[in-house]
Amino acid sequence: MKKPSSKIRDEIARLQEQLKAAETREAERVGRIALKAGFGEIEIEEAVLQAAFEDLAKRFRGRQGFPTAGKKGNGDASVGTSTAAVAPSAAQGSTGEA
């Protein structure tokens, strides 16, 4: 049995609202973490900062379960080290370009 187009449109609208809410939650979470890490105080171009975040995301995507290890306390040192390694290089890249 096929769904009428009006029901499909309703589903799409509901899913778009869910997507918007999920993106807002994710953006707030990442923003809080970035501020805690000191990114709010760094004068850096958005493109450079985005590139640094993309590099960081690539590091974590390759490690299944790695981000949750920090919550247990076992991986806190490696998580901090990884983030610290990315943040200064991003700041240095901006200083060289500005």
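Every number in this text was worked out from the coordinates using simple rules, so none of it is lab data. All of these numbers come straight from a predicted model, not from anything done at the bench. Every residue, glycine as well, gets a Cβ built from its backbone with ideal geometry; the counts of neighbours run over all protein chains shown.
A few remarks follow.
- Surrounding net charge for Ala22, when Lys and Arg each add one and Asp and Glu each subtract one, Cβ distance under 15 Å: 0
- Rounded to the nearest Hz, the phi-derived 3J(HN,Hα) couplings of segment 53-63 under the Karplus curve 6.51 cos²θ - 1.76 cosθ + 1.60 (θ = phi - 60°) are 5, 5, 4, 5, 4, 4, 4, 7, 5, x, 10, where x marks glycine and proline.
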